[in-house]
Amino acid sequence: MKGLLIALLAPALLTATPKKPAADKKAKPVVIGYVGGFRGTVNTDAIAANKLTHINYAFVNVQHNRAVLTNLATDTVNFRNLSALKKINPDLKILISIGGWAWSANFSDAVLTDTSRAAFAKSAVDIIRDYNLDGVDIDWEYPAREGEVGNVFRPEDKVNYTLMFAALRKELNLLEKKTHKKLLLTTATAGFVGFLETTEMGKAQQYLDYVNIMSYDCYSNKFAGHHTNLFPTKAFEHSRNADESIKAYIAAGVPASKLVMGIAFYGRNFKVADSTATATGLGSPIVRQQFGSGYTFIRDSLLTKGYHAYRDQDAKADYLYNPATKDFITCDDEWSVQNKCNYVLDKKMGGVMFWEYSSDKKEYLLDQINYTFSHPGTVQDNIGLTSVKVPETGPAVTGSK
């Protein structure tokens, strides 16, 4: 009878084995870097493996209800070269990230039924097995809401999102039994609170090792503001911010130890209207907007081209403004990253992640992440864009707000 009982319970245990929190109070915070393989072959010589704990390889596509390598020739080379970084850092974990903004159109169909979910989960884990990788990251943008124009979405996504993770965890558990190797399941989630209304994160988190909050691209469409700020700005009435999202995720049932703070290695650019309300551009009406440059370029080049650096102490965010051209740039810098990392330590969160590695070729921000995590509680004021030394021929850096 005892053997029969174990046999009956085994499938259920495989399906819904809860995951323990990925980090405890003494655990080192994770540093997860998204690496863009969608561009082609990745220059892994430029990746500082010792400064990372995880690499999330972006992206794997979703087609015909399966996880699919649509750039097989370069993907396979990238997997081999990324795995070789373990010679430098044996503890480094390599995960595939499925979806992303451009490849989330078919998630809803892929996880609609028990049969499709099982097939999708197996196809994802087959990639992990075939290339000896360490886990799966899901970047569905977004369940039960459109995301990119034309994406399939339906109300059932809310529940199916959770069931998808259960199916993935089941397949990962099966592979773990064969390989005796711990395999990870993580997800990238929206940095706006509304995401929690169309998901069941309190239930989904039991299958997950980390929940990577994309606390960037959280800007207003009306007024120039920060896209990756830690706290709200006082420049206008409401602004999305990481603190608001993190508190909401915790209230929804996600342990702080599984939450990972998102950091932007790139900027967002806004052309603003003439405004007498502000001399720094912050809070000015937006005329148009666009994706910005990587942080290395922003730091090394723009302060010699008419841009002035400012600091928003309320939001814990620095930014740039060119008063002649009315161009406003919002981005993370060393100072804002320091504040985010200290917040992560204070709240006992899992760590940080960032998009995307190649955007900061000189690793200004990655170095700041590692420094702050190695020197908990340290506060440096003379770092970031407002502290950059500008040549005498360029404009003076303006003081703090």
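Listing for the model above:
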| read-out | value |
| --- | --- |
| Distance in nm between pseudo-label sites at L174 and K348 (7 Å out along the Cβ direction from Cα) | 3.7 nm |
| Residue-wise HN-Hα coupling along region 381-386, computed from phi with Karplus coefficients 6.51, -1.76, 1.60 (Hz; x: Gly, Pro) | 8, 8, 9, x, 4, 6 |
| Other-chain or far-sequence residues with amide H under 5 Å of G147's (modelled H) | Y142 |
| Loop-located GluC sites (Glu not before Pro) in region 167-244 whose Cβ has at most 12 other Cβ within 10 Å (DSSP) | E237 |
| Over the chain: Kirkwood hydrodynamic radius from C-alpha pairwise inverse distances, Å | 21.9 Å |
| Summed side-chain charge close to K340 - residues other than K340 whose Cβ falls under 9 Å, Lys, Arg +1, Asp, Glu -1 | 0 |
| Structure-based [θ]222 nm, the chain - -39500 (n - 2.57) summed over DSSP H runs of at least 4, per residue, nearest 500 | -9000 deg cm²/dmol |
| Footprinting exposure proxy for C218, C331 (fewest neighbouring C-beta atoms within 10 Å first) | C218, C331 |
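Values in this text are rule-based calculations from the coordinates and carry no lab data. Note that the structure is predicted; figures quoted are calculated from it, not measured. Neighbour counts are summed over all protein chains in view; Cβ atoms, including those assigned to glycine, are modelled from backbone coordinates with ideal geometry.
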